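These notes are about the structure you will find just below.
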Amino acid sequence: MPSRRMLRERALQALYAIEVGGREPAEAIEEILGSGGASDDRSFVRELVLGTLAGANVADERIGPALQGWTIDRLAIVDRTILRLAVCEAAQHEAPPRAVIINEAVELAKRYSTPEAARFVNGVLSGILGDASSAEA
């Protein structure tokens, strides 16, 4: 059974394939998940991907003011996607604690972007989502 962190990675990969590769959401999700896996895991990834796509504009409205001199479209695609994913996950009804969401986003940035991006993601999300004392960049 994959961890939630692994499932968030898969959601990020699907979102990136949609953004950069022009994939249809269902196609990207299926490609990332394959045919196996528990239905709860598949549902979690699907919910993250579709929720992030549906909530991207609202997330951008929350992220924009926290960028301090930057615009959302100037961010690297992976960094923008990580921020959107985190903000949208925090808006879900049964979202994990915000510190967990921030920490997971920081870990995604460390793995898929740069150390500087990890610090940036931590700062932006801390400003948007609140206290992130357990999130380390």
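The values are calculated or read from the model by the stated rules, or taken from the named source; none is laboratory data. Not measured: the values here are computed from a predicted model. Neighbour counts run over all protein chains shown; Cβ positions are idealised from the backbone, glycine included.
Structural remarks
- Hits in region 68-90 - residues which are in a helix (DSSP H, G or I) and farther than 23 Å from V100 by Cβ: I72, D73, R74, I77
- A95 at pLDDT below 95, in contact with a helix residue (DSSP H, G or I) (Cβ under 9 Å, 6 or more places away or on another chain), assigned to a loop (DSSP other than H, G, I, E, B) and under 18 Å from L53 (Cβ atoms): yes
- With respect to (1) assigned to a loop (DSSP other than H, G, I, E, B); (2) crowded, with 20+ Cβ neighbours inside 10 Å, the lone exception for S35 is condition (2).
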